[in-house]
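Contents: one structure, followed by commentary.
Where a number appears in this text, it was derived from the coordinates with a stated rule and is not lab data. What you see is a predicted model; the values in this text were computed from it and never measured. Cβ sites come from the backbone with ideal geometry, for glycine too, and all protein chains shown count toward neighbours.
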Amino acid sequence: MIDVKVEVDEQRMKALASVPERWRNILSRWLGETAGDIKQEIRSVLHVRTGHMWRNVGWTIRGDSEMIGEVGTGVGFAKNVVYARIHEHGGDITPKKTRALTIPLPGVKGVAKNYGKLFILKKEGRAFLAKKEGGFIKRLFGKGSVKALFLLATRVTIPARPYAKPVMDKRGPILEQRIEAVAKEI
């Protein structure tokens, strides 16, 4: 979630407070447009697989006198998306309950616990969870094979891929212009 805070001098704030419905309409329109721009930025910056994060960008206005605008995931009727922050700011992911993260290799679906008996295979300085393929007889005569399914890692660094900040940097001045226009009319 991103809180929208616009610094407005006291005179303009008093003018806007005298027409709260007009201020709410300006903020509401701006937040809706900004949420749309953030969705577009998510599509262009991130590799969208399920659309869960994209669908859960929302906006709302809190408060009656201050009217604080919020836009992002987990705002309004949108669900909170726990990985939204790491996409925006980057960071390290480490295991919480196990010794290693299991990262599925291409073509592998699901999680490691769903694959039955796996063993650790060490190759070229890396560790994998692997599975023996072929029946007992094939393996007995050396005709079975081993397939690596998951890479084991103690830490994964996710690079920052900002999708909200660039939009806010672009759209902040637009809100300021709209506020200025209303303040001049009053």
Footprinting exposure proxy for Ile179, Ile174, Ile86 (fewest neighbouring C-beta atoms within 10 Å first): Ile174, Ile86, Ile179
Per-residue HN-Hα couplings for the range 124-130 [Karplus 6.51, -1.76, 1.60; θ = phi - 60°; Hz; x = Gly/Pro]: 6, x, 10, 10, 10, 9, 10
Per-residue ³J(HN,Hα) for the range 159-169, Karplus 6.51 cos²θ - 1.76 cosθ + 1.60, θ = phi - 60°, Hz, x for Gly and Pro: x, 5, 9, x, 10, 9, 4, x, 5, 5, 4
Whole-Hz ³J(HN,Hα) from phi, Karplus 6.51 cos²θ - 1.76 cosθ + 1.60, for the range 31-46, glycine and proline x: 5, x, 5, 5, 4, x, 5, 5, 4, 4, 5, 4, 5, 8, 8, 9
Which of Lys96, Lys79 has the fewest Cβ neighbours within 10 Å, and the rest in rising order: Lys96, Lys79
Ranked packing of 107-117, 149-159, 27-37, most packed first, by mean Cβ within 10 Å: 27-37, 149-159, 107-117
Estimated inter-spin distance, Ala181 and His89, nm [label 7 Å along Cα→Cβ]: 3.4
